[in-house]
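All remarks here apply to the structure that follows.
The values are calculated or read from the model by the stated rules, or taken from the named source; none is laboratory data. Being a predicted model, the structure only gives us computed values, none of them experimental. No Cβ is skipped: glycine too gets one built from the backbone with ideal geometry, and neighbour counts run over all protein chains shown.
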Amino acid sequence: MKIIFVCTKSITFNTFLKSQASYFSKMGFKINVACSDIENLKLKKKTNHLISFPLSFFDLINILKYIKIFFQIKNLVKTNKSNIFYLHTPVASFFFRFFSMFYDLKIIYFVHGFRFTSKTNFFQSIFFKAIENILSFKNKIIITINNEDYHYAKTNLLHKVPTYKINGVGLNLKKIYVNNKINYKNEIKKIIVIAAYKNSKGYLDLIKLAEILNSYFLKIDCYGYGDYKKYQSLKIKKKLTNITFKKFDKNLKRKIKSYDLLLHLSKREGLPVSVMECLYNGLPVICYEIRGNKDLIIDGYNGFFVKSYKDVPNRIFYLNLEKSIFYKMRINAFNSISKNFSNAEINSKICKIIKKNFII
């Protein structure tokens, strides 16, 4: 049987899903990918499928674009009715389910994060909840990655299907570090931010925070996908010297250990990989108390929750004064990530879910 990964862009597959694809292949499944830029896939197969999912505002108002997507999905479905469609990312998951409405398909909906949370405004929440309930009739399996989404999918969706919760897409935990590998550090000097360059990831708050901290000996390095020019312009305008914006680095996992703290001011998450990676490398996390973060951070144990960016300096200064607490928090951060977060465990769980529900 074939498993077709469906995601908006290749970067999702290349960064987060390639390990799953490799594992499923070893378990006897044939693997294809459907996305908007198949030429960038790190899975070179002639059988991958182009679906021109909308990537910009202009795409969203282009009727011809929708017609093209409809026929691309229709052709893909017609030749793969008996195979498994494994849906990722909100845009791809919406359009694939909508344009395949009248086909009975084996669809696994991997929810990286519903577009609504307990903190979403009322009208936006109602809108996205209505969409998910209408499209729920297309789901055969739902896989969630945080408690809030799991609870909603399990109890509130109109169409009930087998629903599971796992710890994200999995981390490479082959290198096991013991507590005595967590070096003692005197104070927080280098802060890392890992997030796509979007306002929803908290960059405007981050700029304001950098203004507050600009006179202190703290360095903030940001890494992310997308265009950071508007944030760079704000940095220059405000004459900030303590913050840098960089492209996502494929060697970033090796660099994380050189930092002292992860600052994560995102407003909406599923189960953030950046938080898990940093915890595993012994970095405490300062973040907002939102979905996903609440599944990983225990306030005062492996990080701090803040209500505003204005609260961040006090948390940093506290850890710099209480060095033993900072060190203990670093050890707690490392201990927060168990083997249940590993690629091997998660890939095995998903494979068992597929075999159980599709009687393979």
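Worth a mention:
- Residues that are assigned to a loop (DSSP other than H, G, I, E, B), at pLDDT 65 or above and not aliphatic (A, V, I, L, M) within the stretch 176-190 comprise Asn183, Tyr184, Lys185, Asn186, Glu187, Lys189, listed in sequence order.
- Output for the stretch 208-243, where each listed residue is surrounded by fewer than 16 Cβ atoms within 10 Å (Cβ to Cβ) and not in a helix (DSSP H, G or I): Asn214, Ser215, Tyr216, Phe217, Tyr225, Gly226, Asp227, Lys238, Lys239, Thr241
- Note on the stretch 91-114: residues that are modelled with pLDDT under 95 and within 20 Å of the chain's Cα centre (by Cα) amount to 0.
- From the list Val91, Val111, the one residue that fits, being buried (at least 16 other Cβ atoms within 10 Å of the Cβ), of a type outside the set (D, E, K, R) and touching a helix residue (DSSP H, G or I) at 6+ places or on another chain (Cβ under 8 Å), is Val111.
- Residue check, Tyr197 closer than 23 Å to Asn281 by Cβ, buried (at least 20 other Cβ atoms within 10 Å of the Cβ) and either in contact (Cβ under 8 Å) with a residue 40 or more places away in the chain or out of contact with any strand residue (DSSP E or B) (no Cβ under 9 Å at 6 or more places or on another chain) (or both): yes
- Hey, Val193 assigned to a loop (DSSP other than H, G, I, E, B) and within 24 Å of the chain's Cα centre (by Cα) or not: no
- Here Asn172 passes the criteria (1) surrounded by fewer than 14 Cβ atoms within 10 Å (Cβ to Cβ); (2) modelled with pLDDT of 95 or more except the one numbered (2).
- The stretch 286-309, residues that are β-branched (Val, Ile, Thr) and part of a loop (DSSP other than H, G, I, E, B): Ile290, Ile297, Ile298
- Top-ranked residue in the stretch 244-261 [being part of a strand (DSSP E or B) and not hydroxyl-bearing (Ser, Thr, Tyr); ranked as farthest from Tyr216 (Cα to Cα)]: Lys247
- Per-region count, the stretch 244-265, residues under 23 Å from Tyr318 (Cβ atoms) and surrounded by fewer than 24 Cβ atoms within 10 Å (Cβ to Cβ): 6
- Test: residue in the stretch 280-294 that is free of Cβ contacts under 8 Å to residues at least 24 places away in the same chain, crowded, with 21+ Cβ neighbours inside 10 Å and out of contact with any Gly (no Cβ under 6 Å at 6 or more places or on another chain): no
- Applying the set (1) over 25 Å from Lys349 (Cβ atoms); (2) modelled with pLDDT under 95 to Phe16 leaves exactly one unmet item: (1).
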